[in-house]
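Worksheet for the structure shown next.
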Amino acid sequence: MFLIIKIMLNIRCKITITILLVSLNAFSQENLPYDENLHSYKQYFRDNYGVTISFPDKLKDLDIYFIPWRVRNDREKCTGLLYGPIFLSKDKNCMIAFPFEFISFFKGLEENKKIPLNTFYFDPKEQIAAEIETSLGLYYCIGDSRNKDIDNVELYNYVNFVFGKQAKEKYNADSFAIYDLPNANKTYFLDESLEKLHKKYPYCTSLFIQKDIRNSYLSIKFFFTEKGFKKKEKYIKMLDKHIWFDENFKPN
């Protein structure tokens, strides 16, 4: 099936997730971190990361897991992530893809402790930049000579970074970032049946949630019909307090 390989560089370099196609046997059921059901998914995130996830009643579970998603349907452009479970809103104007895993960086908690508590920082900013640049046709893969970077000023034209009280109230997190992906109609799921459904949702909004001490983040994608996109705040707000970081959680 598919194998996801996380290629991490230092914090000054582009961080991207590259999806490689491998044989079906390389990603067998024995390798999965949890069973393909919501109970197992929620328990895995709660036990391993101290994140409680509950799904609003207004969402319909599509029973889909471990599906690679690409920012562009282009073999030369590598940026993407692995998603599932995936839901539809009852009015079918929004499809929400939850991450298959809590994405971690290899900087380590010790390095984060060196950052002053009053300094705002956002670990997945480079991954966000990679998604936007790939969507704009500027970014291919790590090390490609054709890559072009957007600077922070341009990035902030696309992304709203939120720190403090609002992040605490919504998710008991320290920060989150939200943005509409340019050229979202060109995003692609590497699953035929899901991609057929996905074509009905030409708009995409990304939500990255970070709890600083975890040194990790959740990446959630909202896909909208034109009608749904006009009311996107309503669908995003549905997840308020349905994703909650345990303040006292200590990783093993």
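Conditions: (1) under 19 Å from the mean Cα position of the chain (by Cα); (2) surrounded by fewer than 21 Cβ atoms within 10 Å (Cβ to Cβ); (3) modelled with pLDDT under 95; (4) not in a loop (DSSP other than H, G, I, E, B). G80 meets all but one. Number of the miss?
(2)
Scan the stretch 28-45 and tell me whether some residue there is among the polar types (S, T, N, Q) and modelled with pLDDT under 50. Let's see the steps before the verdict.
Of the residues in the stretch 28-45, the ones among the polar types (S, T, N, Q) are 28-29, 31, 37, 40, 43.
In the following step, the residues that additionally are modelled with pLDDT under 50 were identified as 28.
Yes: one or more hits.
Quick one: in the stretch 229-252, which of the residues that are at pLDDT 95 or above and over 19 Å from F55 (Cα atoms) is most open to solvent (accessible area, probe 1.4 Å)? Give the steps one after another, and end with the answer.
From the stretch 229-252, those at pLDDT 95 or above are 229-244; that's our starting set.
When the remaining residues are screened for being over 19 Å from F55 (Cα atoms), the result is 229-231.
On the way: F229: 58, K230: 153, K231: 112 Å².
If we take residues in the stretch 229-252 being at pLDDT 95 or above and over 19 Å from F55 (Cα atoms), then K230 is most open to solvent (accessible area, probe 1.4 Å).
Of the numbered conditions (1) without any contact (Cβ under 8 Å) to a residue 24 or more places away in the chain; (2) in contact with a Lys or Arg (Cβ under 9 Å, 6 or more places away or on another chain); (3) of a type in the set (D, E, K, R), D240 satisfies every one except a single condition; which is it?
Here D240 clears every test but (1).
Looking for whichever is part of a loop (DSSP other than H, G, I, E, B) and more than 26 Å from F66 (Cα to Cα) here; the options are K200, K148, K168, K227. Which one fits? Step through it out loud before you land on a result.
Numbers: K200 fails: more than 26 Å from F66 (Cα to Cα); K168 fails: part of a loop (DSSP other than H, G, I, E, B); K227 fails: part of a loop (DSSP other than H, G, I, E, B).
Of K200, K148, K168, K227, the one residue that is part of a loop (DSSP other than H, G, I, E, B) and more than 26 Å from F66 (Cα to Cα) is K148.
Taking the condition at pLDDT below 50 and open to solvent by 80 Å² or more (accessible area, probe 1.4 Å), does L9 pass? Full working, then the answer.
On the way: at pLDDT below 50: yes; open to solvent by 80 Å² or more (accessible area, probe 1.4 Å): no.
In short, no.
Can you name every residue in the stretch 150-161 that is open to solvent by less than 20 Å² (accessible area, probe 1.4 Å) and either more than 26 Å from T134 (Cβ to Cβ) or over 15 Å from the mean Cα position of the chain (by Cα) (or both)? Steps first, please.
Our first condition is that a residue be open to solvent by less than 20 Å² (accessible area, probe 1.4 Å); within the stretch 150-161, this holds for 155, 159.
Result: L155, single match.
The values are calculated or read from the model by the stated rules, or taken from the named source; none is laboratory data. On a predicted model such as this, the values are computed, not experimentally measured, just so you know. Please note: Cβ atoms are built from the backbone with ideal geometry, for glycine as well, and neighbour counts cover all protein chains shown. Heads up: the accessible areas ignore ligands, DNA and RNA and are worked out on the full protein's heavy atoms, side chains in. Shrake-Rupley method; radii C 1.70, N 1.55, O 1.52, S 1.80 Å.
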